[in-house]
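Presented below is the structure to which this report refers.
Any read-out appearing in this document is the output of simple, stated calculations on the displayed coordinates, not a laboratory observation. No experiment lies behind these values; they were computed from the predicted model shown. Glycine gets a Cβ as well: all are built from the backbone with ideal geometry, and neighbour counts include every protein chain shown.
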Amino acid sequence: MSKLIVIVVSVIVASVVHCQLLIKSSSVSEENDTPIIGILTQEISYHLNSKWPGEFKSYIAASYVKFVEGGGGRVVPIWIDRPKSFYENIMSKLNGVLFPGGATWFNQTNGYSEAGRYIYDIAKEMNDRGEYMPIFGTCLGFELLSYLSANGREHREHCYSERQPLALEFEEDFRSSRLFGNAPDDIVHILSTEPVTPNFHQFCVTKENLTAFEIDHEWKVLSENNDLNGQRFISSFEHTRYPFYGVQFHPEKNLYEWIINRNISHTSNAIKAAQYFANFFVDETRKSFNSFGGVDEENAALIYNYPTNFTALVKSAYEQCYLFYDTADYKQIETN
């Protein structure tokens, strides 16, 4: 009888352990297969405003939207010039945020930088309480990440990297990073040996800048490059604590910007390398399980509610842009 009890207990224990392993395995492999990513709008550019004087307040270059969609995500525009409560609300429904590149000043009232500050602080709070919230910054967005990390203290250096395609010069320990730790060898080879990363920036962030403003412990530098005048600058980094990533170059331009005479590589290798960043970021957002209140609310916020403009026809640096009025807001949900 005692042997029978032992056998039964052993079977039960084995079954419980097996179930626990199945649950653990399931939770590890679980992911959000419908991520929705916010892209921060920014003040209308000088050039676009000159073509539509006073008509629009903000914009998003369509290449950033396509970048996210090409990685398997959907996009919601995040408006500038809103109260903190707006950003807290929309962030609770998104799975990640992209800070795009562009041309605006960080000291502009109620603009890109101020909205970025709300988003950055909220994202840190969310991650601290166990809600995964990644941020990806490109060019100006990369610079914004370090600026916000330095508590809004300007620390960038003037540099000149305009229409400059570069191969990344990786740090020795770049493979220990999240951004490049699992990158396929062929992607790393392309990035490190071929001039495929498009650079369009007049400011740079250097290792010395990070040290001088005591934020070098917050950022793991992954690669550096030299501008056209030999100025050394950081070309990619990631936060040491939070899932925040920044690249000084423009992977979305390889994929979706076709303005001539911009020196943007569209080779098959350039496309492969650029696509890696889109896939990586969207995969990061799959770790977040925030959601809208329902399909109607979700649909009301998506970028699909807004038209694109063929801005290349007015000699913009972007093929297409989403242009938003001062009154832009998410669509109202119709209720019966």
Completion exercise
For segment 245-260, Karplus-derived ³J(HN,Hα) couplings (6.51, -1.76, 1.60; θ = phi - 60°; whole Hz; x for glycine and proline) come out as 9, x, 10, 6, 9, 10, x, 5, 6, 4, 7, 9, 10, 10, 4, 6
Problem - Estimated [θ] at 222 nm from DSSP helical runs (n ≥ 4, -39500 (n - 2.57)) normalised by residues in the chain, nearest 500 - result: -11500 deg cm²/dmol
Practice task
Among DSSP beta bridges whose residues both lie in the chain, state the antiparallel percentage, nearest 5.
Solution key: 65
Exercise for the section: Taking amide H positions as placed in the peptide plane 1.01 Å from N, state which residues far from CYS159 in sequence (5 or more) or on other chains have amide H under 5 Å from it. Expected result: PHE203, CYS204
Exercise for the section: At most 14 other Cβ atoms within 10 Å and a DSSP loop assignment: could you name the GluC sites (Glu not before Pro) in segment 158-195 that fit? Expected result: GLU172
Completion exercise
Total charge of the residues flanking ASP283 in space, meaning their Cβ is under 12 Å from its Cβ, with Lys and Arg +1 and Asp and Glu -1, is 0
Fill in the blank from the handout: Summing +1 per Lys or Arg and -1 per Asp or Glu among the other residues with Cβ less than 10 Å from VAL76's Cβ gives +1
Problem - Around GLU43: net Lys/Arg minus Asp/Glu count, Cβ-Cβ under 13 Å - result: -2
Fill in the blank from the handout: Residues whose built amide H sits under 5 Å from the amide H of GLN164, excluding neighbours closer than 5 in sequence, are ASN199
Problem - For the chain: span of alpha carbons on each principal axis (Å, largest first) - result: 90, 60, 40
Problem - Low-density loop positions, trypsin sites (Lys or Arg not before Pro), segment 220-249 - DSSP coil, at most 13 other Cβ in 10 Å - result: ARG241
Completion exercise
Measuring from the longest principal axis of the C-alpha atoms of the chain, the long axis of helix 112-128 (C-alpha) lies at a number of degrees, nearest 10, equal to 10
